[in-house]
Amino acid sequence: MNLSVASKGRLLRSTFKSRRLKWRRVPPETAAPRLLEQNMATHKFAVGQALQFSPGPGRDSNGKGRYKVVRQLPETGGIFQYRIKSEVDGHERVVREDQTERRY
């Protein structure tokens with residue numbers, strides 16, 4: 001097939017036009033909630049993950065130690081909370097994320 005330069009250009013353009021992607025617009029009323037969901041913070045620990053609990057200065061230090069996350073709780077005052085269970089005696093408590101650290 002012997003094509004001139006001009007016809008080759010038309011052939012490429014017509015092929016390109018047929019493969020052009022069509023973008024779907026997101027309605028404005030649904031765009032804002034989607035952006036908020038993408039920017040929301042997430043919990044640092046997963047259910048079943050081991051962690052170290054430190055109650056902080058001036059608090060009861062008897063609860064200090066190794067725990068496992070039983071449940072992720074919603075944030076309170078901008079800080080996520082967890083229900084954790086002691087690996088030593090089985091005692092459960094609710095703690096803030098800033099009172100915990102990863103255990104390696």
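Filtered by the rule that a residue be of a type outside the set (A, V, I, L, M, F, W, C) and surrounded by fewer than 12 Cβ atoms within 10 Å (Cβ to Cβ), the range 57-91 gives P57, G58, R59, D60, S61, N62, P74, T76, G77, G78, D89, G90. Out of all the residues in the range 18-35, is one or more more than 30 Å from the chain's Cα centre (by Cα), modelled with pLDDT under 65, exposed (fewer than 10 other Cβ atoms within 10 Å of the Cβ) and hydroxyl-bearing (S, T, Y)? Yes - at least one qualifying residue is present in the range 18-35.
The values are calculated or read from the model by the stated rules, or taken from the named source; none is laboratory data. Predicted model only: the values in this text are computed from it and were never measured. Using ideal geometry, Cβ is built from the backbone for each residue, glycine included, and neighbour counts are taken over all protein chains shown.
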